[in-house]
Amino acid sequence: MAERYRADVLVSCLHDRVPDLMPALEAEVKRRGLEGEIKVVEAGCRGFCSMGPVLLIQPDGIFYIGVQPADVPELVEETLVKGRIVERLTYKEPTTHARIPHYGDIPFHAKQMRIVLRHCGLVNPESVEEYIAVGGYQALGKVLTSMSPEEIIEEVKKSGLRGRGGAGFSTGRKWEAGRKAEGEIKYVLVNGDEGDPNCFMDRALMEADPHSILEGLIIGAYVVGAHQGFIYIPYEHTRAVRSVKNAVEQAREYGLLGEDILGSGFDFDVELRLGAHSFVGGESTALMHAIEGKVSEPRPKHVHTTEKGLWGRPSCLNNVKTLNIVPEIINRGAEWFASIGTETSKGTQVFSLAGKINNVGLAEAPMGITVRELVFDVGGGVPEGREFKAIQIGGPSGGFIPASLLDMPMDYETLAEAGSMMGTGGVVVIDDRTCVVDTARYFLNFLRDESCGKCTSCREGIRRMLEILTRITEGQGEMADLETLETLGRVVQAVSMCGLGKTAPNPVLSGLRYFHDEYVAHIVDHKCPAGVCKALIEYYIIEDKCTGCGLCRRKCPQEAISGEKKEPHVIDPALCIKCGICSDVCKFDAVGVR
Amino acid sequence: MPKLKSLEELQKLRQQLQGDIKARTETSTTITVGMGTCGIAAGARETMHAILAELEARNIDAHVTTVGCIGMCSREPLVDIQQGDEPRVTYGNITPAIVPRLIEEHLIQGNVVDEWVVGRVAGGG
């Protein structure tokens, strides 16, 4: 039975970093006799990862960042007992340095629109009761009692929902194909194998709101006529596994999974399948191979998996975010969802923000948000006052979007036209000190490792492109290399079977398109304009700025720096290994790169 | 726990559980208890517990929050009630014993209890 609390303390973004915080909070609340009056809840990801652990105190909306166990007594005394704000724990705006005590006033939050992440950081993911209290499983109840599978397909089609796993295929059409596929046994599958190295929205969602995924899955099963589902999660994502497993057990206890769900006569149950994490493992056919216990490699898809998928049976695979959105469409209507976003891309997109950006974390915004709004309004801009150069969006095989396209609205189509892709919404911001050639080399190195090797074009093509890029970063490039890269890229795109190969050349081709001069500078002038490629740069000491403090001399691992106290020092280029430590430690910006 | 057999059972369960997350959901009524040292000394915590119990018993949708001293220490415990865009009403000397009547009159009957009022602030403030 419900208990009335006057305040809830929602703890998020712990990421196992501060294991003592929850016990400290609970103990202090108990010591002050506030039990039964204040509830402390561990509430999953709020997206503000760089600021964690964060506390949201409701109903006042007071928001604290970077809270440590030592802060707990003061916080409980001041805020929970006396209703006063502890200034030093509040959020500090990176540009204006103003303190913002209330969560709703923080630009990172205020500029977002949260549909996928609607419950993240607000409900306890381990409690099906809290999910039901916020309206969970109502959509399931509605479809089971009053909607036919065809009506649901129509509704989802009308909403314009596209699969959030990266490819952006119409969910309504996929479900329709699944419904029409012939076979006594059909499966519905959940893709929780998030592969992009800088993305963590799927994992965060599984950790923070597992029941919403489950609810979408049961609706999907009802639509296609499946009685068995599988949720595939990489074994390494231990918290996500724990969270989803617990959710499945709770749903079974309440009769939301199993036989005769909510008295409707519909039977459905689900099993977890854990596998080793890999980039290509998230590809639909590779994932089905993994569930079957085979090597997770893709197969050609002239026969769609909706007809012949897992164990040769009709299988409908959806990303966790896609399934999480479905109940919200049922509850609020297709028109509501279709009113958000752009002409072709409806709803919102969850972006993971990484690289040279102040607010590192997860942010959700309507499709069609411009690069500028995402990076500067939501993301808080580029740190240390550096200059914005580009974003690289869509995961490791996404392309660059340069500063000249800052006002471009981002949706599936505009990004593809610009030589990149929406993918799963991974965004890496690069500034004037990041080299485009070196960044492309980094991503191709990742993709070479992750290519399953089945298609020659992908296996060999990526390898050759990587060799050329490496040569260019070492100052050994030739102008003819640029043409070779271009040709190779087109071939890899055209010939490879799965999405990995089809998109892998993006970082190179988009770099050549928008930053051609930077490639030429490496090849013709033997210079790296961003000062990154070691073979092409030289560290030197700026005489006017050097105070002769000797810090760089003491820190240099090569003893390449010499000079008298209080006199400008010098670096011996013959000994220098270009590690950059001198530049990092110098307090006077006296170490330059040329 | 019993399995849910119908949508109605699910909806009933939801209603029962909503109190659990009351502090996180929107409401138009906020009751604020002065919890400075003066308020605590005058028994504000007991008053607040009485308010929470009364809201629970009558199943009233309201937030209860605390604030520091507002400077009228002689009239503690001070309790503010704010409903929607109505003027905020501050009551003084609210002991646990008179909490049920305050809730009954102000929140259920909709009448301000003039004899206990120490101040009003207009317009959603």
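The values are calculated or read from the model by the stated rules, or taken from the named source; none is laboratory data. These numbers come from a predicted model, not from an experiment. Counting neighbours? That spans all protein chains shown, and the Cβs are built from the backbone with ideal geometry, glycine included.
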Exercise. For region A:476-487, does any single residue satisfy the condition of being under 24 Å from A:ALA354 (Cα atoms), in a loop (DSSP other than H, G, I, E, B) and not hydroxyl-bearing (Ser, Thr, Tyr)?
Worked result: no
For this session: From (1) in contact (Cβ under 8 Å) with a residue 24 or more places away in the chain; (2) out of contact with any helix residue (DSSP H, G or I) (no Cβ under 7 Å at 6 or more places or on another chain); (3) assigned to a helix (DSSP H, G or I); (4) charged (D, E, K, R), pick out the condition that doesn't hold for B:GLU115.
Result: (1)
For this session: Out of A:GLU335, A:GLU307, report the one residue that is touching a residue at least 12 places away in the same chain (Cβ under 8 Å), surrounded by fewer than 18 Cβ atoms within 10 Å (Cβ to Cβ) and in a helix (DSSP H, G or I).
Result: A:GLU335
Problem set entry | Those residues of region A:477-501 which are under 25 Å from A:GLY282 (Cβ atoms) and of a type in the set (S, T, N, Q), in sequence order | A:GLN493, A:SER496
Exercise. Checking A:ARG372 against (1) in the same structural domain as A:VAL270 (by TED's automatic domain parsing); (2) assigned to a helix (DSSP H, G or I); (3) basic (Lys, Arg), which single condition isn't satisfied?
Worked result: (1)
Problem set entry | Flag if A:ALA480 is farther than 19 Å from A:ARG299 by Cα, outside the structural domain of A:VAL295 (by TED's automatic domain parsing) and surrounded by fewer than 23 Cβ atoms within 10 Å (Cβ to Cβ) | yes
Seminar exercise, completed: Among residues of region A:224-277 being at negative phi, more than 14 Å from every other protein chain (Cβ to nearest Cβ) and in a loop (DSSP other than H, G, I, E, B), the residue surrounded by the most Cβ atoms within 10 Å (Cβ to Cβ) is A:ALA226
For this session: Quick one: count up the residues across region B:10-36 that are more than 8 Å from chain A (Cβ to nearest Cβ) and farther than 20 Å from A:PRO59 by Cα.
Result: 1
For this session: Show the residue pairs that are 6+ apart or on different chains and have beta-carbon atoms under 9 Å apart, the first residue being within region A:519-545 and free of Cβ contacts under 8 Å to residues at least 12 places away in the same chain and of a type in the set (Gly, Ala, Ser), the second being in a loop (DSSP other than H, G, I, E, B) and surrounded by 16 or more Cβ atoms within 10 Å (Cβ to Cβ).
Result: A:ALA521/A:LYS527; A:ALA521/A:CYS528; A:ALA521/A:PRO529
For this session: Working carefully through the options A:HIS97, A:HIS109, A:HIS119, find the one that is within 14 Å of chain B (Cβ to nearest Cβ) and either crowded, with 20+ Cβ neighbours inside 10 Å or assigned to a loop (DSSP other than H, G, I, E, B) (or both).
Result: A:HIS119
Exercise. Which residue pairs have Cβ atoms under 8 Å apart, sit 6 or more places apart or on different chains, and have a first residue in region B:6-23 that is among the charged types (D, E, K, R) and a second that is surrounded by fewer than 19 Cβ atoms within 10 Å (Cβ to Cβ) and in a helix (DSSP H, G or I)?
Worked result: B:ARG14/A:GLN138
Exercise. Restricting the search to region B:48-57, which residues are in contact with an Asp or Glu (Cβ under 9 Å, 6 or more places away or on another chain) and either within 21 Å of B:GLY68 (Cβ to Cβ) or facing chain A (nearest Cβ under 7 Å) (or both)?
Worked result: B:MET48, B:HIS49, B:LEU52, B:LEU55, B:GLU56
Exercise. Which residues, taken from region A:1-53, are assigned to a loop (DSSP other than H, G, I, E, B), in contact (Cβ under 8 Å) with a residue 40 or more places away in the chain, more than 14 Å from chain B (Cβ to nearest Cβ) and not acidic (Asp, Glu)?
Worked result: A:CYS13, A:VAL18, A:CYS45, A:GLY47, A:PHE48, A:GLY52, A:PRO53
Problem set entry | Residue check for A:ALA70: free of Cβ contacts under 8 Å to residues at least 12 places away in the same chain and either in contact with a His (Cβ under 7 Å, 6 or more places away or on another chain) or over 17 Å from B:LEU52 (Cβ atoms) (or both) | yes
